[in-house]
Every structure is written in structure tokens, then in C-alpha cells.
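What follows is a single structure, written as C-alpha cells, with notes after it.
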Amino acid sequence: GTGADNDLYINQAIVFIEDAIQYRSINHRMDSRSLWLYRWYYSRTCQWILSLTITLILALAFIEKPSSLTVTSDVRYRPPAWNPPCGLTESIELLCFLVFVVDVSVKSYLVGWEEFWKNKWLMAYILTLIVSLADWIVSLSFFCTENLRIRRIFRPFFLLQNSSMMKKTLKSINSTLPEMASVVLLLAVHLSLFTMFAMLLFARTKDGQQDKEWVVYFRNLPDSLTSLLVLLTTANNPDVMIPAYSKNRAYSIFFILFTVLGNLFLMNLLTAIIYNQFRGYLLKSVQSSLFRRRLGIRAAFEVLSSLKDSPANAQQPYVSVGALLRVLQKVEMDCRCKQAIMRSLKISSCDHLSAAQFQKLFEELDKDAIKQHPPSPEYQSHFMQKLQFAFGHPYFGYLGNVVALANIVSICVVLVMDADKQPSERDDFFLGAINCFFILCYLLEMLLKILAMGLKRYLSYPSNRFDGLLTVILLVLEIATFAVYGFPHPGWRPEFMGLLSLWDMVRLGNMLIVFRFLRIIPNMKFMALVVTTLLDLVKNLRAFAGILVVVFYAFAITGIMLFQGAVVPLGNTSAVNTTYDNGTLKCGTYEQLEYWPNNFDDFAVSNWNPSLFPSLLFTAYLLCVNLICRWAKIYFVAWWLISSVIWVNLFVALLLENFIHKWDRRCHREPLSDIEYQRTVELMFRDVLEEPTEEELMEKLHQHPHLQLCR
């Protein structure tokens, strides 16, 4: 009937608009039951359950065998870890797999059979689940005693496939690889040539005392290549060149040329190529996101124009304002955008909207998120108005910064004076007195600002919330100190009482005061620009962090399977300057430097810092005896290429892009004092994006597998 058709069109428009808001594809089933299932699947509750399941299955690596539940990772002192009984983590895993089965089933049904075969991510999702379930069954059949669990390596895929932005980022990285490969190949040629030069320069001679460079670093081709590769990371600089330099200073020319060509030219050239290429592919990705948004809005217009209350004799399709208001009431979207669209509809005098007018209304989604601060209170008293003007003036904030600087200077003076004193020789009276004085100053400043600005306006500024929270914490800590130890007085050195000693509590208060000094950042324009750039990266570039988690996780699991138990303690001894001849440890080695906590015995330890590349390479390559560990260098070189070479340069490229974008905006527009602009990744490129044409949108809509348009 007519009523049922109208309800279907309304529901279709709601889903299309929500797809446009979230940059989702509109190629899914459009019948009433499928629309209800689609909205349920993308509801906050359902997505929260899915995110929790992904987090849970990733976190299992910390508690399942080999467990990370030990106080220390040092193999010399680490007690036996608690390992869960067989079936505990496997039961949690099975529940997670069931959620993923429901997830992939719903996704596959909603896109339809024809689209399913075109979607490589869905097919990979199903294949990953099949392999994981098969490996899970194998684990139970061996009563959880097997060491090789293939399904653990595939777990990061569940995180990857659940984020559309991560998929786009991965696609952009994949498109950038050919250009990066050319520079990596050039690096390989650079390493190969200098390796041959090194083997010729530092060949073995008759005088064994002069062959230290050959013995330690350039004994054969693999050792020579490894030494120069580690030098490229600067991790063994200047150790690798010291024996040759002590023999003849002319050898330094070789190492200078290698470092200049490799680090200064090729590595920076790689950064430039990655920045240029990745920015272009990311721009294309954001362009496709804009196309999805415009397509979703246009699809909503087309289905709403099919309603029975639309004018039938019009030459062009129109949508009634009443129908759009019905849709907006049910759409899940940001309140700011919804209110802005409704205001525009009320201001407009027309009862029907054309396609261009309909699209223009929803351009509100593309605008900067603007946060306007509440107004200050209006006082009737002339005296209060003067106080409000004085304490609300920017100079009052500058005065607070001067007080904070004076506090920092006084703390530094006390720390320098007491640096070499024993705890029993310290007189904490001066430090306690100045802390009390400055905390009262901070409290007075906070109260006066609240008086001038009002509580709501005061709390609307992040810097004020930061100041206020630290002031309250400092005040509570100071009151607790006085309650336990009394007021400061000369010779104030009370004994340890409670959970913290006096010195610990004072030190905690001082650290908070130092942290509070960060309030000056918003007053320094260039520093504020740098900080906001970093904060925007943290807020908006979660997809890149997600892919980094995927890489870390996969390499950590692989490292456990390859090198677990490779680090064997030689005893609780520490050497300082020893040799191999007398049975002790050589200076600068893994054992002598006591890197025992850095190993691959559990998941938490395996998420190591990339800067540990040479020491871990030494461990895995020298302490292992099986065939796999002879090829350990391949694992670490692959990690270095992905994390340090590719990923760090990608991060630098994105940092540059964000900073340049903010710098350009700063030059072209002065920020308003009462307005804060919040940008997203899509809005970073908004000025250079091209709007899709009418023909492109309609052609794509006519290709929709589940939507039949009237025209």
C-alpha cells in the first residue's frame, strides 16, 4: 500500500543519510527487514560489543601460555609464570569466534550474494575464521600442549577488517610501496657496494693485532653486511669504526661516506618520496570518502522524492520539507549538525527542496566542528564589574604564568641545594612553605577566574579544566600532608608514616606543580600550534595507530614462536670490562650490558622497542642453535624496514601534512577567542577536494544492486 511504501522510503532515506555521515558504502539490501538489521548492526550497542570482543581476543596473548603475569621479565630473576588451565582462554576464544561468525554472517547477508564475491575483505574474514577455528580444534585435541598456534598471528586481522579508515590507510600504503621499493633497492645497492669495499679495506693481515676490525665486524659477508646495516640505524655508531680509526685515521673517510650517503641522502629521500606519494594516495582515499557522502545524500533525496506527497507534475524531482523533518527526527547524527539543518529549514520559505538545495543542507556535515563558549555572568554592581574586567583580562592569566614560573624556579633551587644531602640531613621546611604559598596562590587564581567568567565558561576552556584539576589535587595532597605531619616548621623532618613518606608526598606535589607549568603553552602561539598538531594526530589518526598495533602484534607473536627460550641466563653475575679468553663476558655485549629483560619469552616482552634492534639481533642470532635462529637476521631486518623505515617515515609525512595545513590556516585566518575549531582527517584536505558531478552520482545510483530508482 501507499503507507507501507512511504514508510519504506523514509527508512531508506534514514539509512542513506547515516551511511553518508559515517562514509559507509550504500551498496546493501534495502528491504524493510534488512534495513532494521542494518541499523541494529551499526547501533552503538552492537558496535561496542564487537569492539569489546576484538579487544578481548587481542588481550588474550597476555595471559595465555606463555603468560606475561610476572613482576619482572628478567630471565635470571623471573619466577615461574601462572599459566591458565587448558580450556579457560580457549573458551573465551570460542565466544569471540562466535561473535565474529555472527558479524561476518550479518555483513555477508546485508551486502548480498553478488557483492559478497566482489568483497575481498569479507572472503578473507571467512577464511581467517575457518583457519582459526581449525587451529583451535587442534589445540584442544593436544590438550593445549602445542607451542605453535597459527591462529594467534591472524588475530590482528579482526581489528584491521573492522575499521574502514584502517583499510583505506592500508590500501594507500600498498599503493605507495612501488615508489618506496625503488629507494629501498637503492639502499640495498648502497649496502652491498660498501660491504664489498669494507671487506677489501679490512681484510685479514699477517699481523693479528691489527685485525680487530676484521675479527669483530667484517670477518665474512653476512657479518660485514650486518655491521653496516646496523650502522645505517646508527645503533653501533661509533663502535664499528673505532678499531679501524685507532689503526689509521684515514679509514674514517669510508665511514663518513657511508653515513652521509645512507643516512643523510637516501633515508631523507625515502621520507620525501613517502610524503609525496602517500599524501597523494591519502588524498584519493579522502576524495572517495567525499564521494560516498555525496552519494548517500543524493540517494536519500531520490527515495524521498518517490514519496506520494511529492509534486507529481514537476519537471524536476523535489522533496517536501515535512518528509525531511520526519527523517531528521530518526537519524542518528551529531546534535550540532541536526540543529543547524533544522534552523536552515525554518529560515527557508519554500515547502519543497530541489536536489541542489537538499545537498547544500547537508554540507553542514563538512564544516568545522565549532565549540562556542558560554557567556560571562552579568553583574549589576559597578565594583563587581571592575573585578570581572580585571580578573577576566588576559594579563591576569599572564600573571598566573609568572607565578607558576616563580614556583618552578624555587623548586629547582631547593633541588640543587639538596641534591647531595642524605634524607636525614634535609630540612624540608623551605620546600613545604613555598609549596603551601603557591598552592594558595593557585587556589585564589582559580576562584577569581570563576568569579569573573562564571563556572560554565571557566570549565568550557580545556586549559582552565587542566589548571583547576591540578589545583584541587595539589590542595587535597597538601591538606593530607598537614593532617599527617603537621604544619611546616624549621627542622621539619617527620618519620615515615602511612603509605607515603613526607618526601614522597612533597615530591609528588612538586611533580604536579611542574606539570602545571604546561599552562603557558596556549599563550605561546608557535608552541600551541605544535601541540595542537600532535593532539590532532592522536585524535584523528587512530587508523595509523591501529595498523601499528597490527604490525607489533604480528611480529611479537612470530618472535615468540621463533625465539622463545633463546635467552639463557649465565648466572647472576655482572661484568664490566672482560674478554672471552678468561671465560667472562665481553664488554658491550648483550650479557655484559644486562639486557636480560629484553627477550621473547612472553607477549608483553616481545613488544619491544625498535631501538633494541642490534641487541635483540645479537641475542636471537648468537644464543640460538637451531636452524630457524640462523636466519634470525631476516626477522629483525624485516621489522626494521617496516617499523623504523616505512612506518616512522609515514608518521613524519602525516605530521608534516597536518602541521603545514595548520600553518596555512594560521596565516589566512586569525582564531576567534570564543570559538574553537576541531578538524578531522577528511577536513584536512577539504580545500583541495573536487565535488562529484550530477552525472557521476546518478550513474553510481543506477548501478546499485538493491535499489530501483523511478528515473
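Before moving on, here are some points about what is shown:
- Cut-off 12 Å (backbone N to label point 7 Å along Cα→Cβ of Met698), residues of region 317-355: 317, 355
- Available extension along the chain between Phe383 and Leu261 is 36.9 nm, counting 0.36 nm per residue and deducting the alpha carbon span.
- Label zone (Trp136, point 7 Å along Cα-to-C-beta; backbone nitrogen cut-off 19 Å) within region 151-176: 151-162.
- Shown is the FRET efficiency for Val106 and Cys350, computed with R0 = 41 Å from the Cβ-Cβ distance and rounded to the nearest 0.05: 0.50.
- Placing a pseudo-label 7 Å from each Cα along the Cα-to-Cβ vector at Ser288 and Ala188 gives an inter-label distance of 2.8 nm.
- Solvent exposure of Leu187, expressed as accessible area, is near 10 Å², computed with a probe of 1.4 Å over the protein chains only.
- Label-point separation, Thr72 to Ser43 (7 Å along Cα→Cβ), nm: 5.2 nm
- Accessible area in square angstrom per residue, region 178-278, 1.4 angstrom probe: 56 Å²
- Peptide ranges 19-32, 384-397 listed from the most packed, as the mean C-beta count within 10 angstrom indicates: 19-32, 384-397
- Under the convention that each Lys and Arg Cβ holds +1 and each Asp and Glu Cβ holds -1, the size of the dipole of region 89-232 around its Cα centre is about 200 debye.
- Rounded to the nearest whole Hz, the Karplus-based 3J(HN,Hα) values (6.51 cos²θ - 1.76 cosθ + 1.60, θ = phi - 60°) of region 87-97 follow the sequence x, 6, 5, 5, 5, 5, 4, 5, 4, 5, 4, with x at glycine and proline.
- Neighbour-limited loop hits for chymotrypsin sites (Phe, Trp or Tyr not before Pro), region 76-185 (at most 14 other Cβ within 10 Å; DSSP other than H, G, I, E, B): Tyr77, Trp82, Trp117, Phe142, Phe143
- Selected from Ala198, Asn263, Ile274, residue furthest toward positive end of dipole (region 178-278; charges at beta carbon): Ala198
- Spatially, region 75-131 and region 316-377 are offset by 41 Å when compared through their Cα centroids.
- Full-stretch length increase - Gln372, Leu689 - with 0.36 nm per residue and alpha-carbon distance subtracted: 111.4 nm
- Its Cα centre serving as origin, region 337-471 has a Cβ charge dipole (Lys and Arg +1, Asp and Glu -1) of approximately 700 debye.
- Distance in nm between pseudo-label sites at Ala81 and Ala124 (7 Å out along the Cβ direction from Cα): 2.9 nm
- Here the 3J(HN,Hα) profile of region 178-193, calculated from phi with Karplus coefficients 6.51, -1.76 and 1.60 at θ = phi - 60°, is x, 5, 5, 5, 5, 6, 4, 5, 5, 4, 5, 4, 4, 5, 5, 4 Hz, Gly and Pro shown as x.
- Applying 1/(1 + (r/R0)^6) with r as the Cβ-Cβ distance of Lys171 and Trp113 and R0 = 22 angstrom yields a FRET efficiency of 0.35.
- Close amide H pairs (under 5 Å, H built 1.01 Å from N) link Phe600 with Gly565, Ala566, Val567, residues at least 5 positions away or on another chain.
The values are calculated or read from the model by the stated rules, or taken from the named source; none is laboratory data. Everything quoted here is computed from the prediction, not taken from an experiment. For neighbour counting, all protein chains shown are included, and Cβ atoms are generated from backbone atoms with ideal geometry for every residue, glycine included. Please note that ligands, DNA and RNA were not included when accessible areas were found on the heavy atoms of the full protein model with its side chains. Shrake-Rupley method; radii C 1.70, N 1.55, O 1.52, S 1.80 Å.
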